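Comments concern the structure below.
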Ligand SMILES: [Mn+2]
């Protein structure tokens, strides 16, 4: 029996410091939205499944699960991404299944529906998105990120459920509605989504959905430890040393409640060191400090080019900080691409974070 999920409840209301968040455009319930996508899929002849650039375990997992599920129903499906997935996800059986979109070369003939997973921001799916729209192909987002106030709004009929802890959870619900019988391949992909975005069930949004879904998937995924290993045990000794050097650069302020993590290009451009997309690991380590309520990582991507990642404990909302820099993400984990000098950006970020954390004036300048 299907348990009652919280997605049928109204989407989260904006908190007092989130006045910029737009109200949901549609009053359709989660179930109605899901039903409408199921109907569209049942009518489709050929569907494109895609995800955001720099695809991750959640987007790729949801995409792969739907790909195999639709094929089981006899619906043609293709996975078309805007860049090549990292080789570390090949354990899902991705080899040769994901096409990388090349304008003018990748054929979109005969496609009547496109589903974009794990983002509702079309800018992260360019140039594929523009091509789909130019060709009048119905394109919907299936996602769990808040809709950004200052970004292009997702197309009507998209499914954006911010209560879901992973996009895989939405894929799971869709496949069940479609009547797809789970199998080892689909379960592995969905389980990957689930454990990737919840960080092995640490961030489950106070909802039993992730655990209930896992219980069902584990009837088919017989080696979950393999998935954990592929996703979370990917270090080498030299990478661990790079992590240690990076942790030594962390600055703490506001009574050790704010952590600032510099991640210079020299650290992630040398083979063997941490990789660019492993900045999240650095933040994870810093968040293990009990006093740290909010952490920012400033990754140097090029001359005066930076990627900011923000994370908080779950009581301080960092999405608005990312949005103030033109970025987006989740309420408690967000990011933005920044241009400027390291020192100026560092100061600006720290000012904004220290403003989030109320501190007593005596300890305001406390160091590490
Ligand atoms: Mn996700």
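Given the options 338, 310, 297, 345, name the one that is modelled with pLDDT of 95 or more, outside any strand (DSSP E or B), surrounded by 15 or more Cβ atoms within 10 Å (Cβ to Cβ) and in contact with a strand residue (DSSP E or B) (Cβ under 7 Å, 6 or more places away or on another chain). Working first, answer last.
On the way: 338 fails: outside any strand (DSSP E or B); 310 fails: outside any strand (DSSP E or B); 297 fails: outside any strand (DSSP E or B).
On inspection, the qualifying residue turns out to be 345.
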> Which residues, taken from region 57-81, are out of contact with any strand residue (DSSP E or B) (no Cβ under 7 Å at 6 or more places or on another chain) and either modelled with pLDDT under 95 or more than 16 Å from the ligand (Cβ to nearest atom) (or both)?
Replying inline: 68, 69, 72, 73, 74
> Which one of these is farther than 21 Å from residue 163 by Cα, touching a strand residue (DSSP E or B) at 6+ places or on another chain (Cβ under 6 Å) and more than 16 Å from the ligand (Cβ to nearest atom): 252, 235?
Replying inline: 252
>> Looking at region 100-121, I want the residues that are in contact (Cβ under 8 Å) with a residue 12 or more places away in the chain and farther than 30 Å from residue 149 by Cα and have a partner that is away from the ligand (no atom under 16 Å from the Cβ) and part of a loop (DSSP other than H, G, I, E, B) with Cβ atoms under 8 Å, at least 6 apart or on another chain. Which pairs are those?
In response: 108/135; 108/137; 110/45; 111/135; 111/137
>> I need the full set of residues from region 192-209 which are more than 14 Å from the ligand (Cβ to nearest atom), more than 13 Å from residue 144 (Cβ to Cβ) and touching a residue at least 12 places away in the same chain (Cβ under 8 Å), in order please.
In response: 200, 201, 208
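When you scan region 57-70, do you find a residue that is in contact (Cβ under 8 Å) with a residue 24 or more places away in the chain, part of a loop (DSSP other than H, G, I, E, B) and surrounded by 14 or more Cβ atoms within 10 Å (Cβ to Cβ), even just one?
We begin by selecting, within region 57-70, every residue in contact (Cβ under 8 Å) with a residue 24 or more places away in the chain; these are 57-70.
Next, from what is left, pick out any that are part of a loop (DSSP other than H, G, I, E, B): none.
No.
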> Do we find a residue being more than 16 Å from the ligand (Cβ to nearest atom) and modelled with pLDDT under 95 anywhere in region 104-111?
Replying inline: yes
> Quick one: in region 183-198, which of the residues that are touching a helix residue (DSSP H, G or I) at 6+ places or on another chain (Cβ under 9 Å) and surrounded by fewer than 20 Cβ atoms within 10 Å (Cβ to Cβ) is nearest to residue 97 (Cα to Cα)?
Replying inline: 185
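The values are calculated or read from the model by the stated rules, or taken from the named source; none is laboratory data. Everything numeric in this text was worked out from a predicted model, so none of it was measured. Cβ atoms come from the backbone with ideal geometry, glycine included; neighbour counts cover every protein chain shown.
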